[in-house]
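Heads up: the structure comes next, in structure tokens.
The values are calculated or read from the model by the stated rules, or taken from the named source; none is laboratory data. Note that the structure is a prediction, hence the values are computed from the model and not measured. With ideal geometry, Cβ positions are generated from the backbone for all residues, glycine too; neighbour counts draw on all protein chains shown.
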């Protein structure tokens, strides 16, 4: 995860979804996990990152965050499952895990 405009979606312990925007996704997710994120998530720990996407600018990220928050829960789920939102590719932890495992396999092949 790198530092660029990002809209992210967390699943809270009560099953609700929280959406936010940041320019440093890793730092923001850690803040949520430590109970130092948004007031909404503090009382709903633990939280899990379920999706994120990268708009071109932070202003676009804030706008997309607001648009996404206005969707119903079912529309949010459907939008996330489509894999593309507001013209951006939607990433999930599966993508990150797949990328890491692919890199680890490539490293292992190089070392052998």
If we scan the range 103-112, do we find a residue that is outside any helix (DSSP H, G or I) and modelled with pLDDT under 95? yes
Since residue 60 meets every condition but one in (1) within 14 Å of the chain's Cα centre (by Cα); (2) surrounded by 12 or more Cβ atoms within 10 Å (Cβ to Cβ), which condition does it not meet? (1)
Provide a single number: the residues in the range 38-55 that are over 14 Å from residue 93 (Cβ atoms) and in contact with a strand residue (DSSP E or B) (Cβ under 8 Å, 6 or more places away or on another chain). 6
